[in-house]
Amino acid sequence: MNSAEELKYLLPNSVVSVGVQTNKPQAVIRKEDFLKVAEKVKELGYDNLSVITGVDRVDRIEVIYNLFSYKKKQNLALKVVLDHRSPEVDSVTSIWKVADWLERETYDLVGVKFNGHPDLKRILLPEGWIGHPLRKDYDMNTEQFVTIGEDGEDIVSPDGSNLLRRK
Amino acid sequence: MDPVTIDTTKIRMTKRKPETALEKLEDTNLINTLLAAKDREGFILLTTIDQAMNWGRLSSLWPVTSGLACCAIEMMAVSMAHHDIARFGMEVFRASPRQADLMFVAGTVTKRMAPRVKQLYEMMSEPKWVISVGSCANTGGPYHESYCVLKGVDNIIPVDVYIPGCPPRPEAWLYGIIQLREKIKNEGYGAKWGLNK
Amino acid sequence: METETLLLNMGPVHPSTHGVLRFKLRMDGEIIRDCQIVVGYLHRGTEKFGEMKTYLQFIPYTDRLDYIAAMPNNYAYVKAVEELAGIEVPQRAEYIRVLVMELNRVINHLVFMGSLLLDLGASTMIMYGFRERENALQLYESLCGARMTFNYIRPGGVREDLPDGFIPKLNEFIKDMEKRIVDYEELVNGNEIFLMRMKNIGVINAEEAINYGMTGPSMRGSGVDHDIRKLEPYSIYQDLDFKACMRREGDSYARYLVRVDEIRESLHILKQIVDKLPKGNTINQRYGFAPNTGAPSAVTSYFPRIFTPAEGEVYSRIEAPKGELGFFVASDGTTKPYRVKIRSPSFCNLVALPKMVLGLKIPDLIAAFGTIDIVLGDVDR
Ligand code: SF4
């Protein structure tokens with residue numbers, strides 16, 4: 001029994017299906033139960049959250065959590081499938097601290113909202129950036145410019161006239 | 001084929017080693033107009049004021065420490081012992097833009113960094129020069145199509161010398177630096193009016 | 001006494017933030033009460049390029065993530081693609097890959113030592129560090145023509161075989177380095193000021209280190225001996241003899257020592273590779289082919305430009321010099337990846353920094369930050 005099947009056995013109602021993510025076991029989780037499952041998974045000894053990946057599948061958004069247990073030396077991938085219009089899932093910052101930045105990054109670039117995150121704001125792009133670049137429908141042709149405001153924070157605008165040099 | 005033997009005693013250097021102060025200074029090729037008058041005690045060197053100023057400026061360019069990306073690592077390599085820009089009087093990297101007169105824009109200028117680079121440039125006191133290093137700073141380079149990279153730093157600040165490469169080799173940096181020195185040498189009204197050619 | 005806290009801004013242009021990182025500190029006198037890290041000043045959209053470029057075209061972009069040690073980036077991405085498409089790699093290619101990666105680890109840690117000491121105000125070490133680095137870079141240059149951005153590793157093998165005279169030069173480098181690392185340790189390790197600034201600064205215990213997602217040498221300084229090269233041996237690491245360097249104290253000094261030990265360990269690995277290096281192909285003949293140009297040293301291997309792996313997702317990770325470097329690659333059966341996600345070690349290691357520096361002074365922040373060893377290209381991608 002691999003780690004995903006074990007999870008299915010322990011939480012039959014929350015785990016929708018089990019599968020593989022190329023040589024790593026993967027469990028698809030119901031998004032309502034995600035926090036509960038995450039707590040269980042931490043209890044099982046998965047102490048290292050490697051990465052959170054958001055994938056825009058056009059009709060849905062998938063969020064994939066790659067976990068590793070240093071104690072058991074086992075891999076586990078969790079996947080939640082979210083609605084494309086309003087992707088929302090519970091935050092796991094209370095369980096793995098590293099999720100703080102990983103979730104902010106996913107929010108920034110893919111636009112997944114993490115409920116319960118203490119400080120959910122953009123991390124790589126400045127606050128006020130329009131769109132989420134790793135969505136498939138992101139408009140790559142509109143230029144956005146950043147200037148510094150009075151208080152030293154970034155201001156985003158499509159108009160770069162006070163930044164660009166007049167030639 | 002027989003090995004060719006070369007008689008090294010027959011070879012004469014065509015260029016004489018500079019001996020006097022005048023010849024030494026001329027040999028550096030850093031001043032255009034240079035006259036020497038013989039005094040009772042020795043030589044007196046004469047030049048125009050703007051040439052003397054240019055010579056002072058180009059011999060001690062102080063860059064501001066502002067690495068942006070990969071190219072900045074090559075900037076460190078250039079300033080270290082192997083390539084040694086101390087030869088150009090440039091090893092004095094200043095942390096404050098107020099004390100610097102040269103800026104290497106070394107790396108990718110992202111949209112978010114652009115206003116900061118511009119501010120840094122504006123904080124430097126005149127006279128100031130900018131060398132744009134690497135494809136990224138020149139045109140956007142490999143990141144030209146990116147949503148958050150400025151397509152060339154010359155969109156926001158004037159650039160004096162462009163050094164291509166990704167990253168440019170240290171030798172390319174040195175060549176770029178020499179080009180900038182050449183440019184500074186010919187600055188000012190004297191050179192513009194054709195006096196100091 | 002009641003005092004008011006002061007907001008202090010550090011960066012993004014600051015000599016000791018290794019690039020364009022910004023700290024927002026709330027200071028109570030000299031003491032740091034709160035530390036916020038602002039990243040993203042070097043965000044170049046590398047992950048979007050993963051979707052815009054073909055599998056092969058994306059390899060150069062991986063070079064520019066962690067530009068001090070670029071080979072492991074190449075390899076991590078290629079490994080993900082290989083796992084996705086099930087490509088076999090010939091033994092010689094594997095040996096060459098590990099060789100170039102371990103050499104890069106040496107370079108990375110040398111630059112780390114140099115820049116850490118420079119931040120602390122001692123500028124001797126960086127001169128030495130860059131001197132050795134220059135020697136190693138000459139090896140790389142003879143191998144693939146580039147000093148920093150290699151673009152060398154291909155799915156199914158490597159781009160070129162080792163050139164003539166590479167191994168003797170490498171041996172020379174190893175011999176040199178073994179002597180010099182002793183010198184550097186003498187120069188740095190016992191230095192009173194250095195010890196005062198490093199010991200008991202930025203302490204983090206094992207459990208927290210794991211919970212905050214620290215990996216690599218930064219984590220191993222806290223008494224955890226997890227090394228992905230040991231946990232999930234990839235390439236040929238199971239045939240090599242090395243140990244995961246580890247220290248218990250969890251402070252800046254421990255993290256520094258781990259890296260110095262790792263230089264030794266990498267040199268040890270390099271020596272084994274030189275001894276064992278097998279003969280054979282440098283690229284999988286089913287995918288790549290090596291045109292016979294006559295000169296045995298100038299055999300270039302190609303990987304087909306159009307390459308379509310089957311649909312699927314993969315997350316594969318390696319032990320890069322800075323920690324766990326992972327690539328998530330999703331394929332939809334076309335010539336371009338559907339999604340590339342980079343799990344960069346520097347990004348995740350930074351999360352723990354605010355925790356480590358609370359209650360310390362600003363110079364301690366520099367010391368603790370220096371020992372986490374980040375590269376901004378890797379943080380912001
Ligand atoms: S030009 Fe190349 S090496 Fe330089 S910053 Fe850009 S990507 Fe990096």
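Quick note: the coordinates plus some simple rules give every number you see, no bench work behind them. Please read these numbers as outputs of a predicted model, since none were measured by experiment. With ideal geometry, Cβ positions are generated from the backbone for all residues, glycine too; neighbour counts draw on all protein chains shown.
Fewest Cβ neighbours within 10 Å first, please rank C:Ile372, C:Ile87 accordingly.
Exposure proxy ranking, most exposed first: C:Ile87, C:Ile372.
Out of C:Ala85, C:Ser115, C:Val224, whose Cα points farthest toward the positive end of the dipole of the range C:46-339 (charges: +1 Lys, Arg; -1 Asp, Glu; placed on Cβ)?
C:Ala85
Shape call for the range B:5-129 from the C-alpha gyration tensor, a ≥ b ≥ c root eigenvalues: rounded (a/c under 1.5), prolate (a/b greater than b/c) or oblate?
Oblate.
May I ask you to sort C:Cys35, B:Cys70, B:Cys136 by Cβ crowding, counting other Cβ atoms within 10 Å and putting the fewest first? Before the final figure, lay out the partial values.
Values: C:Cys35 21, B:Cys70 29, B:Cys136 32.
The order, fewest Cβ neighbours first, is C:Cys35, B:Cys70, B:Cys136.
Give the residue from B:Ile184, B:Cys136, B:Gln99 lying farthest towards the positive end of the charge dipole for chain B; charges sit on Cβ (+1 for Lys and Arg, -1 for Asp and Glu) and the dipole is referred to the Cα centre.
Selected residue: B:Gln99.
Evaluate E = 1/(1 + (r/R0)^6) for C:Asp239 and C:Asn171, where r is the Cβ-Cβ distance and R0 equals 25 Å; express this FRET efficiency to the nearest 0.05.
0.80
With +1 on each Lys and Arg Cβ and -1 on each Asp and Glu Cβ, how big is the dipole of chain C about its Cα centre, in debye rounded to the nearest 20? If you can, show how the numbers build up before the last one.
On the way: 46 positive and 50 negative charges, 157 e Å.
About 760 debye.
I'd like the orientation of helix A:34-43 relative to chain A: the angle between its Cα long axis and the longest Cα principal axis, in ° from 0 to 90, rounded to 10.
60 degrees
How big is the charge dipole of the range A:17-167 about its Cα centre, in debye rounded to the nearest 20, if each Lys and Arg gets +1 on its Cβ and each Asp and Glu gets -1 on its Cβ?
780 debye
Which lysines have a Cα lying under 18 Å from the Cα of A:Lys31, excluding residues fewer than 8 positions away in the same chain?
In chain and number order, the partners are A:Lys8, A:Lys40, A:Lys42, A:Lys79, A:Lys113.
Taking neighbour Cβ counts within 10 Å as the exposure measure, how do A:Glu62, C:Glu88 sort from fewest upward?
Listing A:Glu62, C:Glu88 from fewest to most nearby Cβ atoms yields C:Glu88, A:Glu62.
Between A:Arg166 and B:Tyr189, what FRET efficiency follows from the Cβ-Cβ distance if R0 is 35 Å, with the result rounded to 0.05?
Efficiency, from the Cβ-Cβ distance: 0.85.
What average number of partner chain Cβ atoms lie no more than 10 Å from the Cβ of the residues making up B:138-149? Don't skip to the answer; put the middle values down first.
Details: counts 0, 0, 1, 2, 9, 7, 0, 6, 9, 15, 15, 4.
The shielding value for this peptide is 6.
Looking only at other chains, what is the average number of their beta-carbon atoms within 10 angstrom of each beta-carbon in C:335-344?
4
When Cβ neighbours within 10 Å are restricted to other protein chains, what is their mean count per residue of peptide B:62-70?
6
Hey, what angle do you get for helix A:99-109 against the long axis of chain A, alpha-carbon based, 0 to 90 degrees rounded to 10?
The two axes meet at around 50 degrees.
Roughly how far apart, in whole Å, are the Cα centres of the range C:199-233 and the range B:25-81?
Cα centroid of the range C:199-233 versus Cα centroid of the range B:25-81: 50 Å apart.
Would you mind pulling out the separation of the Cα centroids of the range A:92-150 and the range A:1-48, in Å?
26 Å
Would you please name the trypsin sites (Lys or Arg not before Pro) within the range B:21-119 that are DSSP coil residues with at most 13 other C-beta atoms within 10 Å of their C-beta? Each step should come with its number before you reach the end.
Details: sites: B:Lys24, B:Lys38, B:Arg40, B:Arg57, B:Arg87, B:Arg94, B:Arg98, B:Lys111, B:Arg112, B:Arg116, B:Lys118; in loops: B:Arg40, B:Lys111, B:Arg112.
Within the range B:21-119, the qualifying trypsin sites (Lys or Arg not before Pro) (loop, at most 13 other Cβ atoms within 10 Å) are B:Arg40.
Just in the range B:104-197: which chymotrypsin sites (Phe, Trp or Tyr not before Pro) are loop by DSSP and have at most 12 other Cβ atoms within 10 Å?
The qualifying sites are B:Trp193.
Run the dipole for the protein assembly as shown about the Cα centre, Lys and Arg Cβ at +1, Asp and Glu Cβ at -1, nothing else charged, and hand back the magnitude in debye, nearest 20. Walk me through the numbers before you get to the answer.
On the way: 94 positive and 98 negative charges, 236 e Å.
So the magnitude is around 1140 debye.
Along Cα→Cβ, 7 Å out, is where each label goes; now give me the distance between the ones at A:His84 and B:Lys17 in nm to one decimal.
Going from the A:His84 label point to the B:Lys17 one covers 7.9 nm.
Residue farthest toward the positive end of the dipole of chain C, with Cβ of Lys/Arg at +1 and Asp/Glu at -1: which of C:Ala146, C:Val260, C:Ile306?
The one lying farthest along the dipole's positive direction is C:Ile306.
Just tell me, in residue order, which DSSP H segments of chain C are both 24 angstrom or longer along the helix axis (alpha-carbon based) and at least 0.5 in mean Kyte-Doolittle hydropathy.
Values: long enough: C:91-120 (44 Å, 0.69); C:124-144 (30 Å, -0.20); C:166-188 (31 Å, -0.29); C:252-276 (36 Å, -0.28).
In chain C, the long hydrophobic H runs are C:91-120.
Starting from the Cα of C:Asp28, step 7 Å along the direction of its Cβ; do the same at C:Lys355; then give the gap between the two resulting points in nm.
Placing both labels 7 Å along Cα→Cβ, they lie 2.1 nm apart.
First measure r as the distance between the Cβ atoms of C:Val274 and C:Arg305, then evaluate 1/(1 + (r/R0)^6) with R0 = 45 Å and state the FRET efficiency to the nearest 0.05.
The calculated FRET efficiency here is 0.85.
Any idea how far apart C:Lys336 and B:Tyr175 come out in nm if each label point goes 7 Å out from Cα toward Cβ?
The two pseudo-label positions are separated by 3.4 nm.
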